[in-house]
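The block underneath contains the structure these notes are about, expressed in structure tokens.
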Amino acid sequence: MCQSCHVRADSTYRTARPGGTVGTSGEGAAGLTTHAPQAAHTVTLPGSLDEAVAALAAMPTAVPVAGGTDLMAAVNSGLLRPAALVGLGRINEIRGWQYQDGAALLGAGLTHARMGRPDFAAPTGDALPVLAALEASLVIAGPGGERREMPIGRLLAGLDMLRPGELIGYVRVPLLHAPQTFLKATGRTGPSRAIASVAVVLDPARRSVRCAVGAVAPMPLRPFDAERWVSSIIDWDGERTLAPDVLAAFGDYVATACIPDPPPAQSALDGTEPGTLPPAVLHLRRTVSTLARRALGRALA
Ligand SMILES: Cc1cc2nc3c(=O)[nH]c(=O)nc-3n(C[C@H](O)[C@H](O)[C@H](O)COP(=O)(O)OP(=O)(O)OC[C@H]3O[C@@H](n4cnc5c(N)ncnc54)[C@H](O)[C@@H]3O)c2cc1C
């Protein structure tokens, strides 16, 4: 059972077969046992990616569920009322990873625990900023066995969306053979959601530093100007080190790009001095600055 939700799916998962559909409403021991009145009435457990896409196409109101960490929290809090669920837990083809044409192809169902210690990404922590900084791409499965590939940045920026019935099948991560750093700040000790996170990736072949900032906005942010500036002053053929004041300037550049000063009209609304941020936002900006400075310093060390 997921730690953060209150749904027991044990009896369902013992009795359902791959490709089968499980009724969950008033079916006794064979059905999904749930304490969540908003839970879906149908759970389908396909055995392949194409079966999952077909199930979604057949039930346009169905929602895919992988580990359920986010989804069941939303169901239990009443924010989401899916009419049906398509469980992805039995699709073996998306639970692994492999090297392919200079990239690592990660299944959408691959967990950090199964990944072990791969050499292409941070083994723990929030994946989206890392994948954004790595400029990974998504392999998307669609109806009729169709596959299309999309840079992850397009999805994160809202320039492209998953179409009805589509599922993310794999994530393709280029192998850069260069240092990568991920740092996050949380509100308490131990594993928890980030209040801010920064991923920094060195790409010596393109002589570029890439950076993505997570948690301060609904999607990871890429501070392109800060990336270009710092990339232009690194001696890529030499020692690749930067002085502490340059690292600090990079941190401030990233933080100000991601958490900009408010426009004068916003200050009038907030009742703050023109051009100043509320203390909590200023603190967040300082946190991002520190994370970015340290992340780049460690990547270059
Ligand atoms: C209390 C709590 C603490 C958390 N702490 C952290 C943390 O420290 N670090 C961190 O990185 N994350 C954290 N998270 C976030 C969560 O663990 C991640 O978002 C995780 O990736 C969710 O994975 P899941 O398999 O459980 O997704 P699910 O909850 O099953 O699905 C999430 C969403 O993705 C959709 N979806 C699932 N699979 C696919 C697919 N193949 N194609 C298209 N759409 C799909 C679902 O429909 C749903 O909308 C936390 C969440 C909670 C509730």
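Side notes on the structure shown:
- Against the test of being touching a Pro at 6+ places or on another chain (Cβ under 8 Å) and within 12 Å of the ligand (Cβ to nearest atom), the options S197, S192 yield a single qualifying residue, S197.
- Considering each residue of the range 94-108 in turn, at least one proves to be within 12 Å of the ligand (Cβ to nearest atom), basic (K, R) and modelled with pLDDT under 95.
- The range 51-80 residues that are closer than 18 Å to G109 by Cα, paired with ones that are β-branched (V, I, T) and more than 10 Å from the ligand (Cβ to nearest atom) (beta carbon under 7 Å, 6 or more apart): A55/T44; M72/V7
- Top-ranked residue in the range 172-205 [being closer than 17 Å to I152 by Cβ and over 14 Å from the mean Cα position of the chain (by Cα); ranked as surrounded by the fewest Cβ atoms within 10 Å (Cβ to Cβ)]: L175
- Candidate set: the range 61-75, residues that are near the ligand (Cβ under 10 Å from one of its atoms) and not aliphatic (A, V, I, L, M); chosen: the one surrounded by the fewest Cβ atoms within 10 Å (Cβ to Cβ): T69
- Scoring P218 on the criteria (1) within 16 Å of the ligand (Cβ to nearest atom); (2) touching a residue at least 24 places away in the same chain (Cβ under 8 Å); (3) not hydrophobic (A, V, I, L, M, F, W, C) leaves a single failure, condition (2).
- Flag for L128 being touching a strand residue (DSSP E or B) at 6+ places or on another chain (Cβ under 8 Å), farther than 30 Å from S231 by Cβ and modelled with pLDDT under 95: no
- Within the range 76-90, the set of residues being in contact with a Pro (Cβ under 7 Å, 6 or more places away or on another chain) and within 20 Å of P60 (Cα to Cα) comprises V86, L88.
- Residues (buried (at least 24 other Cβ atoms within 10 Å of the Cβ) and either among the polar types (S, T, N, Q) or assigned to a loop (DSSP other than H, G, I, E, B) (or both)) located in the range 206-226: P220
- The set of residues in the range 236-255 that are touching a Ser or Thr at 6+ places or on another chain (Cβ under 8 Å) and either under 14 Å from L202 (Cα atoms) or buried (at least 20 other Cβ atoms within 10 Å of the Cβ) (or both) comprises G251, V254, A255.
- All positions within the range 83-93 that are in a loop (DSSP other than H, G, I, E, B) and more than 8 Å from the ligand (Cβ to nearest atom): A83, G89, R90, I91
- Of the set (1) assigned to a helix (DSSP H, G or I); (2) closer than 28 Å to L134 by Cα, all apply to A57 but (2).
- Selection of the range 133-148 for residues being touching a helix residue (DSSP H, G or I) at 6+ places or on another chain (Cβ under 8 Å) and within 13 Å of the ligand (Cβ to nearest atom) yields L138, A141, G142.
- Taking the criterion of being in contact with a Gly (Cβ under 9 Å, 6 or more places away or on another chain) and more than 13 Å from the ligand (Cβ to nearest atom), the residues of the range 149-182 that qualify are L159, P174, L175, T181.
The values are calculated or read from the model by the stated rules, or taken from the named source; none is laboratory data. Just so you know, these numbers come straight off a predicted model, no measurement behind them. All Cβ positions, glycine included, derive from the backbone under ideal geometry; neighbour counts span all protein chains shown.
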